[in-house]
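Here's the structure we're looking at; comments come further down.
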Amino acid sequence: MNTRIRILIVDDHALMRVGLATSLNLERDMTVVAEASTGRQGLELYAKHKPDIVLMDLRLPDMPGDEAIAALHARHPEVRAVALSSYDAQEQIFRCVNAGARSFLSKDVALEVLLEAIRAVHAGDNYLPPKIAARLVERMHNPELSAREGSVLKLIVRGSSNKEIASALCIAETTVKDHVSNILTKLRAADRTQACTVAIQRGIVSLD
């Protein structure tokens, strides 16, 4: 009987995929059954191979990894995903867990940690290293920005003035001022500059 953990790797970097596949295939209880370079390809290969574990990179060319995880869950509720990221900002961790990821790991973790996470998630458990878990708890205690506040914040980070934001979002400038005030309060920021810093550090807004 085949007792190996069957794994799908979704990562747009070929060298990363090769490195992961080589390392995982050396384990007696693991085998990589497919590799994808985009989120959409990952969805297709999951449906074809029905792997036990999906290793999901969060920076994909066609969609964010958390969206790919959410799409997998919508189609295949049984999916067990391990999110891999070069960054471990609060918002990114929060989005992945909300999307259904069973684990979140930085790409610089030791191989032993990755193997432990895969085995834990395959066994039906969640796996969050202490630092990641602490950041998730901190994020869960922060007030949630509304969708509109998120849009305003992105424009603030780009350097837009209140007048420019009002024009871009087709809202009154006084409404923009109200949103900015709410954003500063929720981020515990003294001014727009500090709000930008906090937003980038937490991963609420990306500079990409």
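Dipole size of the chain about its Cα centre, with +1 on Lys/Arg Cβ and -1 on Asp/Glu Cβ: approximately 200 debye, rounded to the nearest 20.
Arranged from fewest to most other beta-carbon atoms within 10 Å of their beta carbon, LYS154, LYS163 become LYS163, LYS154.
Straight-distance candidates among the aspartates and glutamates for linking to LYS48, with alpha-carbon spacing under 16 Å and chain neighbours fewer than 8 residues away dropped: GLU35, GLU78.
With springs only between Cα atoms under 10 Å, which of HIS73, HIS141, HIS122 fluctuates most in a Gaussian network model of the chain? Result: HIS141 has the largest fluctuation of those listed. Remark: the range 158-170, residue by residue, has Karplus-estimated 3J(HN,Hα) of 6, x, 6, 7, 4, 5, 5, 5, 4, 5, 5, 9, 6 Hz, where x stands for each Gly or Pro and the curve is 6.51 cos²θ - 1.76 cosθ + 1.60 at θ = phi - 60°. Computed extension length for ALA189-ARG75: 37.1 nm, one decimal, from 0.36 nm per residue of separation with the Cα-Cα distance subtracted.
Each distinct pair of alpha carbons in the range 81-178 adds a 1/r term; the inverse of their mean, the Kirkwood radius, is 15.6 Å. On the basis of the beta-carbon distance and an R0 of 30 Å, ASN182 and HIS13 show a calculated FRET efficiency of 0.20. Taking ILE171, ILE93, ILE118 as the candidate residues, the one with maximal mean-square fluctuation in a Gaussian network model of the chain, Cα springs under 10 Å, is ILE171. Taking label points 7 Å from Cα along the Cα-to-Cβ direction, ASP62 and LEU26 give a separation of 3.2 nm. The alpha-carbon atoms of the range 147-202 define a convex hull whose volume equals 67 cubic angstrom per residue. Separation of the alpha carbons by more than 19 angstrom is noted, of LYS50/LYS107; LYS154/LYS177; LYS107/LYS131, for LYS50/LYS107. Per residue, the average separation of C-alpha pairs within less than 8 Å and at least 6 apart gives the chain a relative contact order of 14 percent. The alpha carbons of the range 1-151 give a radius of gyration and a Dmax of 15.0, 54 Å, in that order.
Read-outs throughout are calculated quantities, based only on the coordinates presented, and are distinct from any laboratory measurement. In this text, all values refer to a predicted model and were calculated from it rather than measured experimentally. Please note: Cβ atoms are built from the backbone with ideal geometry, for glycine as well, and neighbour counts cover all protein chains shown.
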